[in-house]
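J.: Starting off with a structure, shown below.
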Amino acid sequence: ELEGTNRVLAPKRAGLTQPAMSNALARLRAIFNDELLVRSGNRMEPTLRATFTTDPDNATALNALGFTHADRNERVHEALGYIKRAYEARPDDPAVIDSMGWVHFRLGNYGEAEQHLRRAFKLLPDGEIAGHLGELMWAQGQKKQALSVLREALNNRANAAYAASRFGRSRNAR
């Protein structure tokens, strides 16, 4: 178990001295090209890559890693694979459904993206999902519908600032 590991007790649990644990972690960081563990006070918390590495079927980690790649518009086909695995595990989770829609948007599959984003927004009409759905609609030339989705999210006040900033970025880019 990596989560919330005390950096003093972790080497003892592993049967290592603290310098040996530091050296092992440095080697693993080089292999995975990831920090793996980051300090949080007196504790070490795993990165997404570490969580995914230790629990490859963790739907939360799969979704987060896939969404991160899709949101950055990097390694989008790889992101789709992660999100598909998360979706298989949690097909009714609005966050996973949103990620599936967002990755399809990034891939240019607007019809597939719209189906997922509308479903996610119906299940959870929050600002992040509204921002994604609005950006998709705007990209498709559905400007009135995009503004309507944004207004609905703003009225709900759930992550309204995110929706406004996300949608504003999209409108300025087009």
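J.: On a straight-distance basis, which lysines could pair with K143 in a cross-link, Cα separation under 21 angstrom, same-chain partners fewer than 8 positions away excluded?
T.: K122
J.: Then there's this: If you plug each phi of segment 73-81 into the Karplus form 6.51 cos²θ - 1.76 cosθ + 1.60 with θ = phi - 60°, what whole-Hz ³J(HN,Hα) values come out, in order, with x for Gly and Pro?
T.: Ordered by residue, 3J(HN,Hα) equals 6, 10, 6, 5, 5, 5, 4, 4, x Hz.
J.: Ranking request for peptides 98-104, 64-70, 12-18, 132-138: highest mean number of other beta-carbon atoms within 10 Å first, then the rest in descending order.
T.: Numbers: 98-104: 27.3, 64-70: 22.3, 12-18: 11.6, 132-138: 25.7.
Result, highest mean Cβ count within 10 Å first: 98-104, 132-138, 64-70, 12-18.
J.: Then there is this: Which value in nm describes the separation of the simple spin-label points at A139 and R75, placed 7 Å from the Cα toward the beta carbon?
T.: Taking the two extended label points, one gets 2.0 nm.
J.: Could you name the aspartates and glutamates whose alpha carbon sits less than 17 Å from that of K84, not counting residues in the same chain fewer than 8 places away?
T.: Output for K84: D55, D57, D71, E74, D92, D93, D98, E112, E114.
J.: To continue, here is another question. What FRET efficiency, computed as 1/(1 + (r/R0)^6) with R0 = 41 Å and r the Cβ-Cβ distance, is obtained for S148 and T54, rounded to the nearest 0.05? Walk me through the numbers on the way to the answer.
T.: Values: r = 43 Å, r/R0 = 1.06.
Working from the Cβ atoms, E equals 0.40.
J.: Could you give each residue of segment 123-139 its phi-based ³J(HN,Hα) in whole Hz, using Karplus coefficients 6.51, -1.76, 1.60 with θ = phi - 60°, and x for Gly or Pro?
T.: For segment 123-139, the Karplus curve yields 6, 8, x, 9, x, 5, 5, 4, x, 5, 5, x, 5, 4, 4, 4, 5 Hz.
J.: What are the residues whose amide H is under 5 Å from the amide H of L37, where those residues sit 5 or more places off or on another chain and H is modelled from the backbone?
T.: T47
J.: Which aspartates and glutamates does K144 reach when only Cα atoms under 14 Å apart count, and residues fewer than 8 places away in its own chain are ignored?
T.: Within the straight-line cut-off, K144 pairs with E135, E152.
No lab work stands behind these numbers, since they all come straight from the coordinates. Remember, predicted model here, so these are calculated numbers, not experimental data. All Cβ positions, glycine included, derive from the backbone under ideal geometry; neighbour counts span all protein chains shown.
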